[in-house]
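Worksheet for the structure shown next.
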Amino acid sequence: MKKAILILFILLSIQTQAQKTENIIIITTDGFRWQEVFKGIDPAIANDKKFNQGDSAYIYKKYADSDTKEARKKLMPFFWSEIATKGQIYGNRDLGNKVDVANPYWFSYPGYSEIMTGNVDLKVNSNGYKANPNVNVLEFLNQQSKLKGKVAAFGAWDAFDRILNEERSGFPVISAFDKVGGNKPTTSQKLLNEMRDNSFKPFHEDECLDVFTHYQAMDELKTKKPKVLYIAYGETDEWAHHAQYRSYLDAANQVDKWIQEIWNFVQNDPQYKNKTTLFITVDHGRGDKVKAQWTDHGADVPRASEIWFAVMGPEIASKGEIKTESQFYQKQFAQTLAKIMGYDFKTSHPVEKEISELFQSNQKP
């Protein structure tokens, strides 16, 4: 009898630890600082006439609070309600919880390459770098029989075609002003293409506004039901480079709303409900408020290596904001994404180990 009970317990334990995630949605918001994620608006920047666009009253009314926890929740309400209770959030350096890029460059192409390949290639040292010679985790997942043809990426910046090596990778990468739908767009896709092409272009042809990238990705999610979807928003970085703090905050707040929209759809669709993981992060940090370097990043900008990430899904233990001292690196994300989907990412270049602390099976009894 005892033996039968033990066998039943083992079987139930194996079933509990079985793969639950069948879909993953990866989201990046370019260069959004951990300082705002964990502390809300920075008053020193918001009060500075060089940065507040003459509208500090708007910033304070919409986002400010004397309590840091309330201020960050005003800026990212979904993040600090849903993800903070059902997922995990890393990168609050005030608590010693550190996440950094491992590459020495601290700007976009090397950062996205590190996220996706799980490796630091020192030759990838320019935003104008050629098509990435390193295999990325999305490409790897697209080679798996259950996922073949069910991977897609949407990015506001035109460099994603090269970062993800669309020609070699074999999955669609819709970046900047690429048309969705090919030669036979649906009515919705045709409208999305026309609206984007005829839109205000503050970043010229290099990058479209995030709203177009978002709704192109949502159209894909609703109609083609990919199992692996990557969405890369860019305005947080662009407005920071333009020294426009109000617009930078608004862009981050909008991304939070879009993440909520994505999650609400996911949790109301039979393919995705309770079988989907969200992974959210950034390609690099940026400077602190000292000498106005919050607008910039790169190897010559102190603290621009500092990043953060958040994750929520059936494989992930509900730990909320992680307040323990630790050090993780961007290069660990690729294998983590693969493990969430139940795979071991192996390719010709070295791949850094996953962040094992995330997973349900590693919870202490």
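The values are calculated or read from the model by the stated rules, or taken from the named source; none is laboratory data. Note that this is a predicted model, so its numbers are computed, not measured. Don't worry about glycine lacking a Cβ; one is built from the backbone with ideal geometry, like all the others, and counts go over all protein chains shown. When the accessible area is computed, the model is the full protein with side chains, heavy atoms only, and any ligands, DNA or RNA have been set aside. Shrake-Rupley method; radii C 1.70, N 1.55, O 1.52, S 1.80 Å.
See the values below:
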{"item": "Computed over region 273-327: relative contact order in percent, which uses C-alpha pairs under 8 Å that are six or more apart", "result": "40"}
{"item": "Amide H within-cut-off set for PHE328, under 5 Å, with H built and near neighbours excluded", "result": "LYS98, VAL99, ASP100"}
{"item": "The chain: relative contact order in percent, alpha carbon pairs under 8 Å with at least 6 residues between", "result": "31"}
{"item": "Per residue accessible area of region 203-309, 1.4 Å probe, in Å²", "result": "34"}
{"item": "Heavy atoms of VAL37 accessible to a 1.4 Å probe, total area in Å² rounded to 10", "result": "0"}
{"item": "Mean Cβ neighbour count within 10 Å, used as a protection proxy, ranking 191-204, 346-359 highest first", "result": "346-359, 191-204"}
{"item": "Kyte-Doolittle mean at least 1.0 and Cα axial length at least 18 Å: DSSP H helices in the chain", "result": "2-16"}
{"item": "Protection proxy ranking, peptides 259-265, 143-149, average beta carbon neighbours within 10 Å, highest first", "result": "259-265, 143-149"}
{"item": "Fraction of accessible area attributable to carbon and sulfur, the chain (%, probe 1.4 Å)", "result": "52"}
{"item": "Region 170-282: relative contact order as a whole-number percent, Cα under 8 Å and 6+ apart", "result": "17"}
{"item": "Peptides 209-216, 47-54, 23-30 ordered by average Cβ neighbours within 10 Å, highest first", "result": "23-30, 209-216, 47-54"}
{"item": "Heavy atoms of VAL180 accessible to a 1.4 Å probe, total area in Å² rounded to 10", "result": "10"}
{"item": "Rounded FRET efficiency, nearest 0.05, which uses the C-beta distance separating LYS39 from VAL211 and R0 of 35 Å", "result": "0.85"}
{"item": "Residues of type lysines that LYS273 reaches as a straight line, Cα spacing below 20 Å, ignoring anything fewer than 8 places off in the same chain", "result": "LYS20, LYS86, LYS146, LYS150, LYS222, LYS224, LYS225, LYS227, LYS257, LYS339"}
{"item": "Region 35-75: Lys pairs at Cα distance under 15 angstrom, eight or more positions apart or on different chains", "result": "8"}
{"item": "Estimated inter-spin distance, GLU167 and ASP300, nm [label 7 Å along Cα→Cβ]", "result": "3.3"}
